[in-house]
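Okay, so here's the structure we're looking at.
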Amino acid sequence: MEILSILEVLEDLIEKSISLPLSGRSLVDKEEVLELIKEIRLKLPDDIKQAKWVKEERQRILLEAQKEANNIIQEAENKIAALVDEHEITRKAYEQANEIISNAQKNAREIRLGAREYADSILNKVEQILKDTLDVIQVNREELK
């Protein structure tokens, strides 16, 4: 900031000024001091604008950083939630798959037992028919003799 350098020049001017004995006062060049004050007045609005801009820019950068941090946190939370959901979906899929396999094995066992019973029933009927037929054949053969 240029004002600071002008103030340093003013301070140097006062420090190098002639001191009046026993009074603690100094003699300074009035024109030189007034010229420095005039420069300060001219530079002050620019420096204030620059300081205000720096402050606003700092605030904007902080807000932007906070938004970015919030976005990163939100994305991380969403990713975690998605991974948890994916894990939950996978776990449920395995459970359903195991249940389907178990039901299929149970149904297959029941079908096998039913098929055996049906086959046994059919074979029993065939056996009965064959016995009846054999009895008829034997009766017919007896009659032929």
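The values are calculated or read from the model by the stated rules, or taken from the named source; none is laboratory data. Everything quoted here is computed from the prediction, not taken from an experiment. No Cβ is skipped: glycine too gets one built from the backbone with ideal geometry, and neighbour counts run over all protein chains shown.
General observations
For (1) within 30 Å of Ser5 (Cα to Cα); (2) among the acidic types (Asp, Glu); (3) touching a residue at least 24 places away in the same chain (Cβ under 8 Å), each residue gets a yes or a no:
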site: Leu42; (1), (2), (3): yes, no, no
site: Trp53; (1), (2), (3): yes, no, no
site: Glu56; (1), (2), (3): yes, yes, no
site: Gln66; (1), (2), (3): no, no, no
site: Ala69; (1), (2), (3): no, no, no
site: Ile89; (1), (2), (3): no, no, no
site: Tyr94; (1), (2), (3): no, no, no
site: Gln105; (1), (2), (3): no, no, no
site: Ser121; (1), (2), (3): no, no, no
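- Screening the candidates Glu86, Glu142, Glu127 for the property of being under 60 Å from the mean Cα position of the chain (by Cα) and of a type in the set (D, E, K, R) yields one hit, Glu86.
- Matching entry among Leu10, Leu34, Leu44, Leu22 (being out of contact with any Gly (no Cβ under 8 Å at 6 or more places or on another chain), part of a helix (DSSP H, G or I) and loosely packed, with under 12 Cβ neighbours inside 10 Å): Leu34
- Residue in region 37-53 that is modelled with pLDDT of 85 or more and farther than 24 Å from Asp12 by Cβ present: yes
- The residues on offer are Ala82, Ala119, Ala76, and the sole one that is at pLDDT below 90 and surrounded by 10 or more Cβ atoms within 10 Å (Cβ to Cβ) is Ala82.
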